[in-house]
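Contents: one structure, followed by commentary.
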Amino acid sequence: MDENEATVAAYETGIAAYLAHTPSAPSALARWLGALAGDIFAPGARVLEVGAAGGTDAGHLRAAGFEVIATDAAAGFVDYLREHGFPDAQRYDVRRDPPPARDVDIVFANAVLPHLRRDETVPVLQRLHDELGDETVLVASVKLGDGAGWSTEKLGAGRWYTYWQPEDFTRTLGEAGWVVEEARIRAGRFDDWIGVIALPARSALRDAFDERASEYARSDWHRSYAAQLVAASPLQPGSRVLDVAAGTGFVSRAAAARIGAEGSVTAVDISEGMLAALSRDCPTAAGCAPIHPVLMDAMHLQFPDHSFDAVLCGAGLLYMRPAEALREWHRVLRPGGFVAFSGMQADEPPAGRLFRLHARAYGLTLTDRSDPLGTPQRCQAALEEAGFEAAQVTPGRVHFTEADLDRAWDIQARMARAELATLPEEDVGRLRASYVAEVALRVRTDPEFVVAKTLYAVARRP
């Protein structure tokens, strides 16, 4: 019997003791979610509660206007729920069972994840992410602290608990495909707790770029970045081009001009806001190929094999799983077609490097998103692994204007929103003030601060 099985067994034999020693008021996590009903979440949103126990939180959420699917891994709790207002309660072990319902808006897991061993947590969270899709929100809590061990508090029998620090739990959620939108720490009777609201990573990314759409087209450095990518690409007149993660169309417009009116550009992005800006700002110019915006995930393209002569991606791979994306782009290319993408060199741009340095002072260790493809050798290896050949990688440089760097905090904060969510609001304010001040100083005094080292990779499909 492993730790989780022993914990469930302790609940099965200790239901009466649990009910007698558990407060009748709903948990802080349930009150937090309940307060969002009708505002963030529409009336009638479906909540899958994992570990409903005696149903106190389920009752509170139902009263707040949610439709609640109550579940528990302990059969005794399921029987109790069915007898006390939840006749459709189901037995559900989040470690082993597929979710009992797929069309849910929210997964609510109060005080359940701490019963998992640390090495079990990512697989469980990843399974929820993969099986429930990109529109489901996770609302969960874990115990604050270090280490793991058994507790006999409340039941007398041992229950396993894993303790988490905010940054570690945020990172674990990220590994499983979730992005923390907001985090709270609260004091409990016996332990302190971390509560989070998290979105699937693709959903969070879509929302972040929807927010950026109105200002993105004004980004001078993205325009230069796109022009250099297209210049490095062996585009031919009349080509069928796929621009993935097209944004507001910098690469699409440059490619359309290169291939001429006989060609075509299909521009895909997951952000409706970005595509709306692209459609508004990208009328077909005389002598240029038409641009066709399509709402689509660049890693799951809904095009037949061999549909395109070229796949271009400007600055988008750092938001994807490169190996998966490159295999998918390989699939839609005709034999002899080519892929071309741009990226930053490792530890670039300077404004990002500076942000990570300032964040470290507040206990945040942020990853360099450019690092996985941040050298020519890594780009070549990734392309060869995906089945491409004749890979060539060219270094370059892009220059940031003062207007670009005026938006540095907004951009960096969006990219690190999950990690920043774990900090007290006053610390976020201090981090912002120190970072913005040093960016302004560097812009005036350091000529290299306004330059980023880039890479442009091109390879052919055999």
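The values are calculated or read from the model by the stated rules, or taken from the named source; none is laboratory data. What you are looking at is a predicted structure, and each value in this text was computed from that prediction instead of being measured. Cβ: placed from backbone, ideal geometry, glycine included. Neighbour counts: every protein chain shown. When the accessible area is computed, the model is the full protein with side chains, heavy atoms only, and any ligands, DNA or RNA have been set aside. Shrake-Rupley method; radii C 1.70, N 1.55, O 1.52, S 1.80 Å.
Taking all Cα pairs closer than 8 Å and separated by 6 or more residues, the relative contact order of the range 328-462 comes to 48 percent. For A267, the residues whose amide H sits under 5 Å from its own are D243, H292, V294, ignoring neighbours fewer than 5 places away on the same chain, with H placed 1.01 Å from N. When both bridge partners sit in the range 37-162, DSSP labels roughly 20% of those beta bridges antiparallel.
The relative contact order of the range 293-374 comes to 31 percent, based on Cα pairs under 8 Å that sit 6 or more residues apart. Apolar share of the accessible surface for the chain: 51 percent from carbon plus sulfur atoms, 1.4 Å probe. Remark: the Cα gyration tensor places the range 220-304 in the rounded category, a/c being less than 1.5. In the distance distribution for the range 120-202, Cα-Cα pairs more than 22 Å apart total 29 percent. Among beta bridges from DSSP that stay inside the chain, the antiparallel ones total about 50%. Subtracting the Cα-Cα distance of A28 and D371 from their residue separation scaled by 0.36 nm leaves 119.6 nm. If you wrap the tightest convex hull around every Cα atom of the range 189-263 and split its volume per residue, you get 143 Å³. Each label point was placed 7 Å from the Cα along the Cα-to-Cβ direction; for R184 and S279 their separation is 3.8 nm. Running Debye on the range 367-462 with equal point scatterers at the Cα sites and no solvent, what base-10 log of I(q)/I(0) appears at q = 0.15, 0.23 Å⁻¹? Log10 I(q)/I(0), no solvent term: -0.79, -1.13. Take the Cα pairs of the range 7-51, get the Kirkwood Rh, then feed it into Stokes-Einstein at 37 °C and 0.692 mPa s and tell me D in µm²/s. Using the Kirkwood radius from Cα pairs, D works out to 254 µm²/s. Measuring nothing but how far apart in sequence close Cα pairs (under 8 Å, 6+ apart) lie, relative to its length, the chain scores a relative contact order of 11 percent.
Among the trypsin sites (Lys or Arg not before Pro) found in the range 49-121, those both in a DSSP coil and sparsely packed, with 14 or fewer other Cβ atoms within 10 Å of their Cβ, are R96, R102, R117. Largest first, the extents of the alpha carbon coordinates of the chain on the three principal axes equal 76, 52, 41 Å.
Put simply, the amide H of G51, placed in the peptide plane, has neighbours under 5 Å in T71, D72, A73, leaving out anything fewer than 5 places away on its chain. Coupling constants for the range 76-90 follow from the phi torsions by the Karplus curve (6.51 cos²θ - 1.76 cosθ + 1.60, θ = phi - 60°), and in residue order they are x, 5, 4, 4, 5, 4, 5, 8, 10, x, 10, x, 9, 4, 10 Hz; glycine and proline get x.
Residues in the range 96-108 carry Karplus couplings, in order, of 10, 9, x, x, x, 9, 9, 8, 10, 8, 9, 9, 10 Hz; the curve used is 6.51 cos²θ - 1.76 cosθ + 1.60 with θ = phi - 60°, and Gly or Pro positions show x. Extent of the range 15-125 along its three principal axes (Cα atoms, max minus min coordinate, largest first): 35, 33, 24 Å. In order along the range 170-182, the Karplus-derived 3J(HN,Hα) couplings, from 6.51 cos²θ - 1.76 cosθ + 1.60 at θ = phi - 60°, round to 4, 5, 5, 4, x, 5, 8, x, 10, 10, 6, 8, 8 Hz, and Gly and Pro are given as x.
A simple spin-label model places the labels of A17 and E426 4.2 nm from each other, with each point 7 Å out along Cα-to-Cβ.
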